[in-house]
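Where a number appears in this text, it was derived from the coordinates with a stated rule and is not lab data. Just so it is clear, the structure is predicted and the values come from calculations on it, not from any experiment. So basically every Cβ, Gly included, is an ideal-geometry build from the backbone, and we count neighbours across all protein chains shown.
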Amino acid sequence: MKPLTQAEARLYSPLALAFLGDSVYEVMAREYLLRKANQPAAKLHEQKVQLVCAPFQAVAAERLLPHLTEEETGVYKR
């Protein structure tokens, strides 16, 4: 599958795009933790939960906001 164009992405609601984005973020968090240390799956899961929880994502979003384009900020705020 090829990536969505900007025009195609605008056809989806921000919540639908967030649904997909959450899964991408979770995979990235899992890979980060796995590469950081080879640990039992249960321990990795505990650490992953800390990274993908809403409060942590809110802090991360606040740090990213200054780097987003005006259009990206608009999508975030919706």
task: Calculate the all-directions average of the projected area of the chain's alpha-carbon convex hull, and give it in nm².
output: 6.5 nm²
statement: For Lys48, counting only lysines whose alpha-carbon sits under 20 Å away and dropping same-chain residues fewer than eight positions off, the answer is Lys36
Computed [θ] at 222 nm, helices only, for the chain once each DSSP H run of length n ≥ 4 contributes -39500 (n - 2.57): -23000 deg cm²/dmol
- request: Express in nm, to one decimal, how much length is gained between Tyr12 and Phe56 on full extension, taking 0.36 nm for each residue of separation and deducting their alpha carbon distance.
  value: 13.3 nm
Positive dipole terminus of the chain, leading residue within Thr5, Ala29, Ala61 (C-beta point charges): Ala29
